[in-house]
Structure formats: C-alpha cells, structure tokens
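The structure appears right after this line, and notes come after that.
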Amino acid sequence: MFINDFNPVAFNILSLEIRWYSLSYIFGIFFGWFYCKQKLISNDTYKQLFDDYITYLILGIIIGGRIGYIVIYNFDYYFHNPFEIPMIWKGGMSFHGAVVGIIIATYLFSNKRKVSSLYFLDLVALSAPIGIFFGRLSNFINSELYGRETDVFWSVKFILVDNLNRHPSQLYEALFEGLILFILLNFVFSRVDKKQGYISGLFLIFYSIFRFIIEFSREPDSQIGLLIYNLSIGQLISVIVLIIGIFLWQSKKNV
C-alpha cells in the first residue's frame, strides 16, 4: 500500500502557483507537437501548417474539455457558480468534451486552409496518448479521479481524500490509455497503409475499450453516481464513442 500525500502545486513563482495539472497540459502539447513534427510529418508545407494548427488544437482541447465537464458532469454546480467556469487550473476537464472540441477546431482549421481534416485528426490520435499519460499522472498527484476501495497490495491511500485503500485508477489509465495506446497506434501506423481516418477510428475504439474496463475500478463521480446497469457516465459515453470509432474504422479500413 502506497500513501499518496503529493502536493498539487509543483512550485511557486512569487505568488503564482504552478500546478502539476497545468504542467501536464503544457508537457503533453509540447511533446505531442514535437513528436508530430519530427517523426510523423515529412512534408515541409504540412509541418508549417501544423504549427498554425496547434493554436486551434489548444483552444479545442481547453474549451471543449471544459464545456464537456460542465455539461456532462457538474452542470448544476457551475450553473450556480458561473464565475468558476474559467478556473480550469482547479481541474474539471472532460476527455470526451475535449475530443468534440478537437474535431470542431480541426474542421474549422482544415476548412480555412483547404486541407484534409482527417489527416490532422490522425496526427492527433497518434500523439494524444502522450498528453493523456501526463494528464493521468497529474490526476494521481492531485488525488483526483481516484479508484474504488480495494485490498490489493498495490492499493493507494489518498490522504487528501480519506483513509481508505483505493485502486490507483489514474495510473491504470496512464498505462493503458497513454503508454499502451501510443505504442499500439504508432505500430499500426508504421505497418499499415490505410486511408486517412483509419488511425482516428482505431484511437476511438481502443481508448473506449480501455476506458470502459478501467472505469470499473474508478470511483464514480459523487454528484452523478452509477447509472443504467450500474455503469458510470464515462462508460456510457465510451460505448457511444466506441460505436462511432467502429463506424469510422470500417469505412476507412479498405484502401
């Protein structure tokens, strides 16, 4: 059993607190941008376009992730506390909301530049697990999105939460939705020549499967609890995203 007593604040600059949560976004976006530019994009024109695309991508992630969290997970709270909506440094982002934000931002960018949106979405799919990995590590450090009570020997006591031994579900997600998903998608990308959108479809499929399974070890959101068939809201959304991913993958798997 491990005792988690990490400080959510990484360091201070004068009176400004720099939190691990914010750093996870910075590192995730930077390393994702670097990986795409150095390893995935060979065309110089598209490398320049990708630099411009990053601004759209960041806005899509932040706006989509925040709106998704508010609407899906905590609408009543933010309805009564609207001044806290911009306070993203306190946490409260939805992965599925970020996906919608990324899709919209990519469509707007691609439509403006007259390029394929699926090309850029595939790049995001190949590099997004980097950001997911850092994000889940920051969730672990922050003692948020923690797991359900368990007696397994690798359990963690989040003392900022309670004295129960819990699953480190954040680390499960960092491993499967981050590291393993990154290796899997990039392996397929290096071995299979498919239509644009094929990798995006696989990303949605495997992320949804990993998320659905791991959610059985994750404590449900207290304001929502478990829903139909004792599934969490994250699992129900993952089923929908899985269906969308299968449809996209099927439509793109034949060259």
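The values are calculated or read from the model by the stated rules, or taken from the named source; none is laboratory data. Here the structure is a predicted model, which is why all the values come from computation and not from measurement. Note that each Cβ is placed from the backbone with ideal geometry, even for glycine, and that neighbours are counted across all protein chains shown.
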*asked:* So in region 94-114, with the set limited to residues that are within 20 Å of LEU242 (Cα to Cα) and among the hydrophobic types (A, V, I, L, M, F, W, C), which one is nearest to the chain's Cα centre (by Cα)?
replied: PHE95
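Looking at PHE187, is it without any contact (Cβ under 8 Å) to a residue 40 or more places away in the chain and either among the aliphatic types (A, V, I, L, M) or within 21 Å of ILE244 (Cα to Cα) (or both)?
Working: without any contact (Cβ under 8 Å) to a residue 40 or more places away in the chain: yes; either among the aliphatic types (A, V, I, L, M) or within 21 Å of ILE244 (Cα to Cα) (or both): no.
So PHE187 fails the test.
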*State yes or no: is LEU202 within 16 Å of the chain's Cα centre (by Cα) and either part of a loop (DSSP other than H, G, I, E, B) or over 21 Å from LEU123 (Cβ atoms) (or both)?*
no
*Find the residue count for region 208-255, including only residues that are of a type in the set (Phe, Trp, Tyr) and surrounded by fewer than 19 Cβ atoms within 10 Å (Cβ to Cβ).*
3
*Write out, first by first residue and then by second, each pair whose Cβ atoms fall under 7 Å of each other, whose residues are 6+ apart or on separate chains, and whose first residue, in region 193-221, is under 13 Å from ILE243 (Cα atoms) while the second is surrounded by fewer than 21 Cβ atoms within 10 Å (Cβ to Cβ) and among the basic types (Lys, Arg).*
GLY201/LYS252
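Can you find a residue in region 173-184 that is closer than 18 Å to ASP5 by Cα and not β-branched (Val, Ile, Thr)?
Kept after step one, since they are closer than 18 Å to ASP5 by Cα, are these residues of region 173-184: none.
There is no residue in region 173-184 that is closer than 18 Å to ASP5 by Cα and not β-branched (Val, Ile, Thr).
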*Give me the pairs: first residue in region 167-180 and over 11 Å from GLY135 (Cα atoms) and touching a residue at least 12 places away in the same chain (Cβ under 8 Å), second residue among the hydrophobic types (A, V, I, L, M, F, W, C) and assigned to a helix (DSSP H, G or I), beta-carbon distance under 7 Å, and six or more apart or on different chains, which are they?*
PRO168/PHE140; SER169/ILE214; TYR172/ILE214; PHE176/PHE210; PHE176/ILE214; LEU179/PHE133
*Check every one of the helices (runs of 4 or more DSSP H) wholly within region 74-170 and list those with 1 or more residues that are modelled with pLDDT of 95 or more.*
95-113, 117-141
*Is there any pair with a first residue in region 228-255 that is touching a residue at least 60 places away in the same chain (Cβ under 8 Å) and a second that is exposed (fewer than 14 other Cβ atoms within 10 Å of the Cβ) whose Cβ atoms are under 8 Å apart and which are 6 or more apart or on different chains, and what are they?*
ILE233/ILE224; ILE233/LEU227; VAL255/ASP193
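Quick one: which of ASP5, ASP52 is surrounded by fewer than 13 Cβ atoms within 10 Å (Cβ to Cβ) and touching a Leu at 6+ places or on another chain (Cβ under 8 Å)? Working first, answer last.
Values: ASP52 fails: touching a Leu at 6+ places or on another chain (Cβ under 8 Å).
Matching residue, one of ASP5, ASP52: ASP5.
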